[in-house]
1. Please report, in debye to the nearest 20, how large the charge dipole of region 155-255 is about its Cα centre when each Lys and Arg carries +1 at its beta carbon and each Asp and Glu carries -1 there.
2. For Ile347, what residues show an amide H to amide H distance below 5 Å, using hydrogens built from the backbone and excluding near sequence neighbours?
3. When the Karplus curve 6.51 cos²θ - 1.76 cosθ + 1.60 is applied with θ = phi - 60°, which whole-Hz ³J(HN,Hα) does each residue of region 171-186 get, with x for Gly and Pro?
4. How large is the dipole of region 205-312 about the Cα centre if only Lys and Arg carry +1 and Asp and Glu carry -1, each at its Cβ, rounded to the nearest 20 debye?
5. For region 114-221, calculate the relative contact order in percent as a whole number, restricting contacts to Cα pairs under 8 Å that are 6 or more residues apart.
6. Taking the Cβ of Met434 as the center, what net charge do the other residues with Cβ under 14 Å away carry, scoring Lys and Arg +1 and Asp and Glu -1?
7. Carbon-plus-sulfur fraction of the accessible area of region 48-104, 1.4 Å probe, in percent?
8. So how many Å³ per residue does the convex hull of the Cα atoms of region 345-485 work out to?
Amino acid sequence: SFFVISPPLHTHIMADVPSASRGRIEKEKQKDVRTSNILAAQAVADAVRTSLGPRGMDKMIKAPDGEVTITNDGATIMKQMKLVHPAGKMMVDLSKAQDIEAGDGTTSVVVLAGSLLGACGPLFKKGIRPTVVAESFQKAAIKGKEILEAMAIPVNLNDRESLLSSASTSLGSKVVAQYTQILSPIAVDAVLHIINPETDTNVDLRNIKVVTKLGGTIDDTELVDGLIFPQGAAHVAGGPSKIVKPKIALIQFCLSSPKSNIDNSVVLSDYRKMDRVLEEERNYIRNMVQKIHKTGCNVVLIQKSIMRDALNDLSLQYLARLKIMVVKDIERSDIEFISNALGLSPIASIDSFTKEKLGSADLAEEVATSDGSHIIKVTGISQGTKTVSIFCRASNKLVLAEVERCIHDALCVVRSLVKKRFIIPGGGAPEIEMALQLSKWSKTLPGMESYCVRAYADALEILPYTLAENAGLSPIAIVTELRNRHAEGDVYAGIDIKKVCPPPPSPSPLFYFIIFPSLFLQCGTKRKGTKRRQRERETVWEESVWKRGGAPLLLARPNKMPVVYSVMIGATSKARRLLNKTSLSTSPWSEALSVFLHPL
């Protein structure tokens with residue numbers, strides 16, 4: 001057999017096109033692809049840009065299953081976006097990487113990436129190759145890192161106030177910013193509890209367990225030196241609620257009667273056989289409970305089972321008789337943390353249940369919360385890894401999820417300070433300083449690199465520009481002022497959203513009062529015969545000005561049309577007396593006007 005392989009149709013078409021035209025078409029395709037990638041990345045950056053900074057707006061995101069999320073966390077917003085374009089997906093991965101590495105700044109990194117890609121467009125139009133742009137941007141990034149290290153301020157981990165300030169900054173732009181004084185100390189103390197500030201250079205956040213429970217308020221959020229189980233103890237049979245010096249076991253098997261792997265049914269026609277089956281069940285469970293009791297265990301943690309019930313009322317009754325506290329429905333994802341915290345080993349079967357696999361603590365008790373629910377606290381843990389638990393409360397699911405995200409961001413910020421013990425000022429100060437220094441450095445570079453580095457420097461100004469824009473300030477004026485401040489040597493000058501406000505307008509009656517026409521004043525000249533005689537006549541048309549709360553303001557301009565206004569009440573009594581005169585021909589208008597030009 002023979003197969004005839006023919007080239008694709010577009011190959012025949014391209015073969016008929018001259019080589020010069022083919023090259024031009026390929027260049028146009030490359031240009032279109034680059035433009036498409038840049039536009040997609042900029043669209044994603046613009047979508048999250050409005051949530052940047054303390055005055056950024058929160059996003060309400062509705063998932064396909066109907067679940068609503070309200071947040072301004074960049075990583076959460078990007079995670080919820082269903083993007084198809086490859087460049088957009090890379091922006092999502094970028095935000096995710098920033099969240100893993102630093103925990104905060106997920107919005108800033110997306111906005112900055114969009115601005116840098118936007119700066120590439122004009123460079124490509126000038127004929128600069130993408131490889132040259134990429135290499136120049138890489139050199140600019142290395143130089144920018146040197147600039148940041150030069151302006152960095154050392155941090156001492158024993159200085160708790162500086163750590164609190166950094167954690168508060170990360171929470172200042174969140175939905176729960178008003179609870180910064182509560183959440184910041186919790187995050188700082190949690191990290192300091194599990195590390196040695198003198199020697200440690202990293203923090204394992206897996207040793208900090210964030211537990212959430214719906215109910216109460218954010219004020220009820222607390223840090224616990226130990227473990228917290230939000231489900232409470234099982235009290236079906238009246239078990240204990242407090243154990244001193246507990247011996248704790250974590251079991252992964254069921255304290256209930258065994259069942260077959262397939263669905264079947266057993267038909268019993270005799271009551272004696274039924275009693276025998278029930279007796280065998282009781283003996284089976286009783287033997288397991290007695291074996292647990294012989295090891296000295298008095299607190300049992302039972303992993304959640306998806307195949308059948310982990311325990312039943314009969315097993316709870318036997319455990320309650322032996323004064324053993326039961327905590328059920330332990331999630332599989334929490335097994336590792338509990339094992340490290342208590343220094344115990346999970347037990348997969350009753351045959352391997354030994355006292356060597358138990359953990360210990362000083363106290364295990366059931367505590368009532370502010371909303372009437374109960375939780376289990378295990379404190380005084382001496383063996384095992386240093387661990388702490390953060391118990392988060394909120395009145396609804398949306399706020400509770402946001403509190404958990406904010407705690408995570410604050411923990412990551414403190415972890416970053418442990419890894420590299422320096423801080424730099426915020427508010428756009430590092431970006432402006434980098435832009436200024438890189439612009440100066442670009443003048444010393446030859447060829448195309450100079451243009452690329454200058455474009456990189458200009459792109460960095462998007463962050464202070466966005467901060468000012470989201471705060472309602474004039475971004476151009478703010479960025480210009482920051483440039484001047486940094487040029488004068490003030491490298492720590494940035495935007496303080498809480499103190500900086502727009503300058504007030506110049507004094508004007510329109511600014512201080514509500515003005516509307518209500519009076520009529522006639523001033524001018526009147527001829528009689530051939531003799532010109534100038535005469536001023538003032539006619540005041542009262543239109544219930546005082547009943548409407550208005551005070552008349554009349555400006556007479558000789559030989560011109562008069563300007564007549566009525567100004568809302570609020571003027572000084574002096575102005576009212578001046579304007580309430582019956583004889584208006586001698587009223588000192590300039591003095592009355594000067595009164596109204598001053599703010600009340």
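The values are calculated or read from the model by the stated rules, or taken from the named source; none is laboratory data. Here the structure is a predicted model, which means the values were calculated and not measured. When we count neighbours, we look across all protein chains shown, and the Cβ atoms used for this are built from the backbone with ideal geometry, even at glycine. Each accessible area value is taken on the protein alone, full model and side chains, heavy atoms only, with ligands, DNA and RNA left out. Shrake-Rupley method; radii C 1.70, N 1.55, O 1.52, S 1.80 Å.
1. On the way: 8 positive and 10 negative charges, 115 e Å.
In debye, rounded to 20, region 155-255 gives about 560.
2. The answer is Leu250, Ile251, Gln252.
3. 8, x, 9, 8, 5, 9, 4, 6, 9, 4, 5, 8, 7, 4, x, 5
4. Charge dipole of region 205-312: 440 debye, to the nearest 20.
5. Values: 35 pairs, mean separation 18.7, N = 108.
Taking the mean separation of contacting Cα pairs over the length of region 114-221, I get 17 percent.
6. Working: positive: Lys139, Lys143, Lys145, Lys440, Arg454, Arg483; negative: Glu146, Glu149, Glu431, Glu433, Asp458, Glu461.
In short, 0.
7. On the way: 1900 of 3220 Å².
Ligands and nucleic acids excluded, carbon and sulfur give 59 percent.
8. Working: hull volume 37.4 nm³, N = 141.
Looking at region 345-485, the number lands at 265 Å³ per residue.
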